[in-house]
Amino acid sequence: MNLTVTMKQLLSCLCFLLLMGCLPKEAKQESTAQKSSKTTYASKKNLSHIKVGYCTPTLDGPFYVALEDAVKNAVKAYGMQYLSTDGQGDINKQVMAVDDLLSKGIQVLVLNPLDPKALVPIVKSANEKGVMVFILDSTIEDEAPYISSVVANNQLNGELLGLWLAEQKKADLKIAIISGNQGNPVGREKRLGFVRGLADGQLHGQAKTNFQIVAQGWGGWNNNGGLKAMEDILVAHPEVNTLLAENDAMALGALKVITQMGKSDAITVLAFDGQKEAYVAIKNGEFAVTALNSPKILGETMIEVVARHLNEEETARTIYTPSVLINKQKVDQYYDPKALF
């Protein structure tokens, strides 16, 4: 039997395999990795020797899982090494988690602080060791020696929600607010922005205000917390006709209670973040609006800022991601059923 294969025959065989999708798994994975490694900023320096450590406040919730994934993918896209730790929702554990990253010889620390004051000493310690510190998604005291922070413009997002509600011209608004955690600066900015936007919008349109905030609950930023907070609120204040939740996860939990109590048509739900389940609720008419705070945009923007700094470019101390109000008319532009968040 003649086993001689011509080059022409070999090329024909390879083309057939390509067309039939029969490439080995390794080749397919390499192709996918190349596709996902595109970055909007091209580093002039080789950054492969840089170790980036990211400390998340928690991984309890889809937002934080998606944010960690975005940071990891962006770090690897620039060719840098990636390490991560989890603060597990506890300030002391987050301090120890950062210490662990520092012990592993990182050059860059990306920190999402649980508390703006409690994490200052560990940031100072990192700085003394020559580690470049960047703050993501939350805030820290100005005395902390960090280079740049990337955050959503939470006050502006709140204002957009407040202005939208004012434009609906509903009379006698009885508003309940479900907040995340007491003392959290992000939640404070969100609700203050909302109140300012609502008051300003009503004054501009009607020369008076006609709303009351009749209740505030604490939902711990998660679905179950929002559910419990809404149960308590509606027992004490059945007159509530508007809900502002400081994130979509708590609003989705609250929505279960609203539906069970037959109040879906009576309560307007507004929230923050742009979680894909919230987009579905908007499509279904269960949510009114949400304000965009994309973990993917946050993570990718943060690591671009890191790369620019490593290329000796100046970066602003605070960088805001885009603020967008997403309603039923806009939701299809942002909804991705395959997204992590």
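The values are calculated or read from the model by the stated rules, or taken from the named source; none is laboratory data. This is a predicted model, so every value here is computed, not measured. Virtual Cβ from ideal backbone geometry, glycine too; neighbours counted across all protein chains shown. With ligands, DNA and RNA removed, areas are computed over all heavy atoms of the protein, side chains included. Shrake-Rupley method; radii C 1.70, N 1.55, O 1.52, S 1.80 Å.
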Query raised in the report: Which one of these does THR209 not meet: (1) free of Cβ contacts under 8 Å to residues at least 24 places away in the same chain; (2) at positive phi?
Result: (2)
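Conditions (1) modelled with pLDDT of 95 or more; (2) buried (at least 22 other Cβ atoms within 10 Å of the Cβ); (3) touching an Asp or Glu at 6+ places or on another chain (Cβ under 9 Å); (4) closer than 21 Å to GLN155 by Cα, marked per residue:
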position: ASP200; (1), (2), (3), (4): yes, no, yes, yes
position: ASP232; (1), (2), (3), (4): yes, no, no, no
position: PRO238; (1), (2), (3), (4): yes, no, no, no
position: ASN241; (1), (2), (3), (4): yes, no, yes, no
position: LEU255; (1), (2), (3), (4): yes, yes, yes, no
position: ALA266; (1), (2), (3), (4): yes, no, no, no
Query raised in the report: Applying the selection to region 316-341, what residues are over 19 Å from ASN284 (Cβ atoms) and outside any loop (DSSP other than H, G, I, E, B)?
Result: THR318, ILE319, TYR320, THR321
Report summary line: Of ASN247, ASN241, ASN223, the only residue that is touching a Phe, Trp or Tyr at 6+ places or on another chain (Cβ under 9 Å) and among the polar types (S, T, N, Q) is ASN247
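Conditions (1) touching a residue at least 60 places away in the same chain (Cβ under 8 Å); (2) at negative phi; (3) of a type in the set (Ser, Thr, Tyr), marked per residue:
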| residue | (1), (2), (3) |
| --- | --- |
| TRP218 | no, yes, no |
| THR242 | yes, yes, yes |
| ALA245 | yes, yes, no |
| VAL269 | no, yes, no |
Requested in this report: Scan region 312-341 and report the pairs whose first residue is open to solvent by 60 Å² or more (accessible area, probe 1.4 Å) and whose second residue is assigned to a loop (DSSP other than H, G, I, E, B), with Cβ atoms within less than 7 Å and a gap of 6+ or a chain change.
Outcome: TYR320/ASN153; TYR334/GLY274
Query - Count of region 178-198 residues which are open to solvent by less than 10 Å² (accessible area, probe 1.4 Å) and closer than 21 Å to GLY253 by Cα - result: 6
Report task. Run ILE147 past the list (1) within 30 Å of GLN107 (Cα to Cα); (2) hydrophobic (A, V, I, L, M, F, W, C); (3) buried (at least 22 other Cβ atoms within 10 Å of the Cβ) and report the number of the one that doesn't hold. Result -> (3)
Report summary line: Of all strands (runs of 3 or more DSSP E) fully inside region 28-118, the set with 1 or more residues that are under 21 Å from TRP221 (Cβ atoms) and at pLDDT below 95 is none
**Report entry** Cβ pairs under 9 Å, 6+ apart, first in region 90-101 and over 13 Å from LEU114 (Cα atoms), second open to solvent by less than 70 Å² (accessible area, probe 1.4 Å) and part of a helix (DSSP H, G or I)
**Finding:** ASP99/ILE122; ASP99/SER125; LEU101/ALA126
Requested in this report: State whether the residues of region 75-97 include one that is touching a helix residue (DSSP H, G or I) at 6+ places or on another chain (Cβ under 9 Å), under 30 Å from GLY253 (Cα atoms), hydrophobic (A, V, I, L, M, F, W, C) and surrounded by 18 or more Cβ atoms within 10 Å (Cβ to Cβ).
Outcome: no
Report task. Hey, can you tell me all the residues within region 202-219 that are buried (at least 20 other Cβ atoms within 10 Å of the Cβ) and assigned to a loop (DSSP other than H, G, I, E, B)? Result -> GLY219
Query - Evaluation of GLU277 against (1) part of a helix (DSSP H, G or I); (2) under 20 Å from ALA245 (Cβ atoms); (3) over 16 Å from the mean Cα position of the chain (by Cα) (one fails), failing number - result: (3)
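Could you say which residue among GLY274, GLY299 is on the phi > 0 side of the Ramachandran plot, in contact (Cβ under 8 Å) with a residue 40 or more places away in the chain and open to solvent by less than 20 Å² (accessible area, probe 1.4 Å)?
GLY274
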Query raised in the report: Which numbered condition trips up ASP137, out of (1) at positive phi; (2) more than 14 Å from the chain's Cα centre (by Cα)?
Result: (2)
